[in-house]
Amino acid sequence: ESLTSTADGHVIIGSVQAATIWRAAPGSGTAEPWIKPGTNGMQGIFGVLADDATNTLYACSGTFGPPPAAGPPPPPSTLHVFDLGTGAPKAKYPLPEPGAFCNDIAIDAGGNVYVTDTNNMLVGRLAKGATTIETWAGKDGALGKKGGVLDGIAVLGDRVIVNALVASKLYAVAIGADGKAGKAVEIKTDRVVERPDGM
């Protein structure tokens, strides 16, 4: 579903169905299972992002599709944090909104982490040093209605860029000097963008 790489050349791959994080060593043509299913409550893996500056691997974990008709509901969708060198769990942060779905991850220059909540068309933020994810952008509906599938995310300077897969839209949200989200602005492109996904 997603991949990332480290400064020393490791490639790290998240698998939804295998609920596994795979890693390929520099120069290798083969990826090996690295962080096994169920580690620290890990579910299917969606976005992965390596941060060499803090020796950290971030991974979005959750279940895809509607909840089961019988039995207990699945655990909440969660941002998992692992040691980038060893794969050992460091922390995990459930997304705050009901029905949330953690899909993709980006980091700004200050070390604040942003995640897309696909189901709720929201962006969550784990401020540097914080212990919980806050709902950062989208509560006003500016990132589109539910069903638009907020998906990929990237940080470009002082803006967070996100895309909506089903709605086929791109948005930019300014990062304020106080860390709060500015107004979301739709990005108009000179070519049609159809169903943007990863970024």
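The values are calculated or read from the model by the stated rules, or taken from the named source; none is laboratory data. Treat the numbers as computed from the prediction; the structure is a model and nothing was measured. Reconstructed Cβ throughout: ideal geometry from the backbone, glycine too, with neighbour counts over all protein chains shown. Calculation scope for accessible area: heavy atoms of the full protein, side chains included, ligands and nucleic acids excluded. Shrake-Rupley method; radii C 1.70, N 1.55, O 1.52, S 1.80 Å.
Total residues in the stretch 90-123 satisfying the condition of being out of contact with any Asp or Glu (no Cβ under 8 Å at 6 or more places or on another chain) and outside any loop (DSSP other than H, G, I, E, B): the figure is 7.
Among the candidates Gly29, Gly71, Gly65, Gly9, the residue that is at pLDDT 95 or above and part of a loop (DSSP other than H, G, I, E, B) is uniquely Gly9. Do any residues in the stretch 38-49 that are within 15 Å of Val16 (Cβ to Cβ) have Cβ atoms under 8 Å from those of residues that are of a type in the set (Phe, Trp, Tyr) and surrounded by 22 or more Cβ atoms within 10 Å (Cβ to Cβ), where the two are at least six apart or on different chains, and which pairs are they? Correct list of pairs: Gly47/Tyr58; Val48/Tyr58. Taking strands (runs of 3 or more DSSP E) as the structural unit, those lying wholly within the stretch 145-199 and holding at least 3 residues that are over 16 Å from Asp104 (Cβ atoms) correspond to 181-186. Contact map, the stretch 131-144: residues that are in a loop (DSSP other than H, G, I, E, B) paired with residues that are exposed (fewer than 14 other Cβ atoms within 10 Å of the Cβ), Cβ distance under 8 Å, separation 6+ or inter-chain. Pairs shown: Ala142/Lys183. Applying the selection to the stretch 84-96, what residues are more than 26 Å from Gly157 (Cα to Cα) and open to solvent by less than 40 Å² (accessible area, probe 1.4 Å)? Of everything in the stretch 84-96, those that are more than 26 Å from Gly157 (Cα to Cα) and open to solvent by less than 40 Å² (accessible area, probe 1.4 Å) turn out to be Gly87, Ala91.
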